[in-house]
Amino acid sequence: MEVADLLLVERCKQDDIEAYEALVDRYRNKILNYVARYSGSTADAEDLTQEVFIKAYLAIKKFRGQCSFQTWLFQIASNVCVDRFRRVRRDRVAYSLDEPVSTEDGEVEREIPDWSGDPESVAESRELQALVQKTLMTLSDKLRAVIVMHDLEGLRYEEIAEVLQIPIGTVKSRLFNARVELRNRLRSYVEGRA
Amino acid sequence: MRCSRVRKLLTDYTDEALSIGVEEQVRQHLGGCRECAALAADLQSAVAALQSLPRLETSPDFTRQLRRHLPVAVALSRRAPARTGLAGWLSYLRSGSPRRFGAVLAPIAVGLSVLLYVWGMHLGLPGVGPATAEPVISEDAYLAAMAREHASYATKQPLADSSAAILRVTLAGTKAP
Ligand SMILES: [Zn+2]
């Protein structure tokens, strides 16, 4: 898989646009999901994903294969997200768990079913998915980046360490803290409503 | 195994990233320690809650749109980048999404509108300017001076389009106070 990626990258450097489209096809959904879950905005995610792939194309001749193409792409996505999120957050009211939850079907009242300390079993419903996303947004940027990359996009500890330029030990401790925080906030919300 | 040691291993344990031997030791500890077992359950619970989020997919149009954006981005990126001025704006556009074109064009449009409005007031165009059009000499004189200044610039630095000619025509209809 990685070898094929790097072969495609070499063809991109010869201005082979089809090779680039093959790479885009391989990673567009992964980047889209990362961007959407990190930024909390599915509406902007497609636009941001375009931005990531435009930037990657413009910079691809500088990519020397020092890391995997995926890692390199996530570095760009991470920068694009941090940059955009910094601007967007100023414009938006901070996420509050007391607000009604917005879903694609409009706002819904927060009727929380019996979670029985078991959030995942009921999170199938759309409003609870929205709640998970909102709770995710209450984590710090650092924690959220790591938990989304690992638990949603399946990046390994070493890859995340390369993307964020931090030691593997830091990746693990952020992942631990992010999971604990996410679980506690989901639970305290449910218990607060019970 | 002590609790502190187990807790350091719980992230790897949750990800099934431990060697079989160590994993077995952790599992034995969790069997006899309610606190660590609760923590391990919490970690797994958080992962499961996150992974219940639906996977999103790009629009079917995604690659076609990108194909349209790339040549433009490449063309813009080949211009000598500068930190300020027009080239700076171009590099800003280059680095961004199509939405940014709007962000740049909007203030330009607003600026042009203001210019045209002032110009229209000066020419006395109907529907432009204050409703009660009292003769305000000083404002008129000010506008006339401005028009002469513009015309003077246009003469020194000829414009590519017909702007200079328009300014000269404007000047001809303006009398110095
Ligand atoms: Zn213990």
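The values are calculated or read from the model by the stated rules, or taken from the named source; none is laboratory data. Values in this document were obtained by computation on a predicted structure and should not be read as measured data. Cβ sites come from the backbone with ideal geometry, for glycine too, and all protein chains shown count toward neighbours. Please note that ligands, DNA and RNA were not included when accessible areas were found on the heavy atoms of the full protein model with its side chains. Shrake-Rupley method; radii C 1.70, N 1.55, O 1.52, S 1.80 Å.
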Give the carbon-plus-sulfur fraction of the accessible surface of the range B:1-54 in %, rounded to a whole number; probe 1.4 Å, heavy atoms of protein chains only. 49
In the range B:1-51, which GluC sites (Glu not before Pro) fall in coil by DSSP and have 16 or fewer other Cβ atoms within 10 Å? B:GLU16
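First compute the accessible area of the range A:11-74 with a 1.4 Å probe, then give the percent of it belonging to carbon and sulfur atoms. Walk me through the intermediate numbers first.
Values: 950 of 2230 Å².
In the range A:11-74, the share of accessible area belonging to carbon and sulfur is 43 percent.
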Which residues, if any, in the range B:25-52 lose at least 40 square angstrom of accessible heavy-atom surface (probe 1.4 Å) when the other protein chains sit next to their chain rather than the chain being alone? B:ASP42, B:LEU43, B:SER45, B:ALA46, B:ALA49, B:LEU50, B:SER52
Per residue, how much accessible surface does the range B:1-54 expose to a 1.4 Å probe? Answer in Å², no decimals. 56
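Estimate for me the total accessible surface buried between chains B and A (protein heavy atoms, probe 1.4 Å, no ligands or nucleic acids), in Å² to the nearest 100. Mind showing how you got there, number by number?
On the way: alone 13970 and 10930 Å², together 20830 Å².
Result for this pair: about 4100 Å² buried.
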